[in-house]
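Trainee: I have a structure I would like to understand better, so I am pasting it below and will then ask my questions one at a time.
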Amino acid sequence: MKPDPATARQVQASQPTRSTWLAANAGSGKTRVLTDRVARLLLRGARPEQILCLTYTKAAAAEMQNRLFRTLGAWAMVPDDELRHKLAALGETDLPSRQLRRARTLFACAIETPGGLQIQTIHAFCARLLRRFPLEAGVSPQFVEMDEHDRGHLIDHIIHHMAEGKQGRLLDALATQLGGEDSLSKVMLQVVSKREDFQQHPLPWPRLLESFSLP
């Protein structure tokens, strides 16, 4: 049975011998294409520890790993005819018997890979690099990543600390102008994200407006 055009393009995009840029709407099957691509790489002899998959969120990384394990697990269990059908749907046709035998071993191979399959978020990958080369990156070897919740908590703590000091009246006036303490926290977050701009002291007013995209 000939696949529909969309499926045919997905099979084409999962071809591991090609360098592919894939752009598609949400829910259109990008994760499936990436999973199929990894499975085909493994089928063609790539070692699991040599494959790196980066995603934006932990949920996406977990979903991709679960899908890949389900695919490889199914290959290990189904009869030869059904396995050939599954592989043909990926674009792998006319495979010799040794390739079928290899397909059945991939699940165990992926499970037993030291450190597991490298399917992780961009942040986790960058943190791993920094931990391997902290001195080269100019960070402390004992650094700890700060997530959005911790960052927000720290900003609120700093605001409350400043409010108890000489800046209290200024912060109260600023919070009133901005419409409340939540808005003040958002402004502080913008300041932190543009902290390089504030290294120049005093910061010229036009430069400040430009940093915050204000007229």
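The values are calculated or read from the model by the stated rules, or taken from the named source; none is laboratory data. In this text the structure is predicted, and so the values were computed from the model without any measurement. Reconstructed Cβ throughout: ideal geometry from the backbone, glycine too, with neighbour counts over all protein chains shown. Side chains are part of the model used for accessible areas, which takes the heavy atoms of the whole protein and leaves out ligands, DNA and RNA. Shrake-Rupley method; radii C 1.70, N 1.55, O 1.52, S 1.80 Å.
Trainee: As a test of the formula, what do you get for the chain when each DSSP H run with n ≥ 4 contributes -39,500 (n - 2.57) and the sum is divided by the residue count, at 222 nm and rounded to the nearest 500 deg cm²/dmol?
Mentor: -19000 deg cm²/dmol
Trainee: Which distance in nm do the two modelled labels at Leu174 and Val191 give, with both placed 7 Å along the Cα-to-Cβ direction?
Mentor: 0.3 nm
Trainee: Ok, one more. Compute and list, largest first, the equivalent-ellipsoid semi-axes of the stretch 16-120 from the alpha carbon gyration tensor, each √(5λ) rounded to a whole angstrom.
Mentor: So the three semi-axes of the stretch 16-120 are 22, 16, 13 Å.
Trainee: Based on the Cα gyration tensor of the stretch 101-147, what are the three equivalent ellipsoid semi-axes, each the root of five times an eigenvalue, rounded to whole Å and given largest first?
Mentor: Equivalent ellipsoid of the stretch 101-147: 33, 11, 8 Å, largest first.
Trainee: Dividing the alpha-carbon radius of gyration of the chain by 2.2 N^0.38 Å (N being the number of residues), what value is obtained?
Mentor: In units of the globular-protein estimate, the chain measures up at 1.51.
Trainee: Counting Lys and Arg as +1 and Asp and Glu as -1, each charge on the Cβ, what is the dipole of the stretch 66-215 about the Cα centre in debye, to the nearest 20?
Mentor: About 560 debye.
Trainee: Something else: How many percent of Cα pairs in the stretch 132-177 exceed 15 Å?
Mentor: 62 percent
Trainee: Could you tell me how many degrees, from 0 to 90 and to the nearest 10, lie between the Cα long axis of helix 168-178 and the main elongation axis, the longest principal axis, of the Cα atoms of the chain?
Mentor: 60 degrees
Trainee: What percentage of the solvent-accessible surface of the stretch 61-215, computed with a 1.4 Å probe over protein heavy atoms, is contributed by carbon and sulfur atoms?
Mentor: 57 percent
Trainee: State in Å² the accessible area per residue of the chain; use a 1.4 Å probe, count heavy atoms of protein chains only, and round to the nearest integer.
Mentor: 71 Å²
Trainee: How far apart, in nm, are two points set 7 Å out from the Cα along the Cα-to-Cβ line at Tyr56 and at Arg151?
Mentor: For Tyr56 paired with Arg151, the spin-label model returns 1.5 nm.
Trainee: Separate question: To two decimal places, what compactness ratio does the stretch 92-179 give when its Cα radius of gyration is scaled by 2.2 N^0.38 Å?
Mentor: 2.11
Trainee: Over the stretch 46-87, what number does the Rg to Rh ratio reach, with both radii from the alpha-carbon atoms and Rh per Kirkwood?
Mentor: 1.08
Trainee: Regarding the stretch 132-215, what whole-number volume in Å³ per residue does the convex hull of its Cα atoms give?
Mentor: 149 Å³
Trainee: Using a 1.4 angstrom probe on heavy atoms only, work out the carbon and sulfur share of the accessible area of the stretch 1-52 in %.
Mentor: 54 percent
Trainee: Against the longest alpha carbon principal axis of the chain, how many degrees, from 0 to 90 and to the nearest 10, is the axis of helix 122-132 turned?
Mentor: 80 degrees
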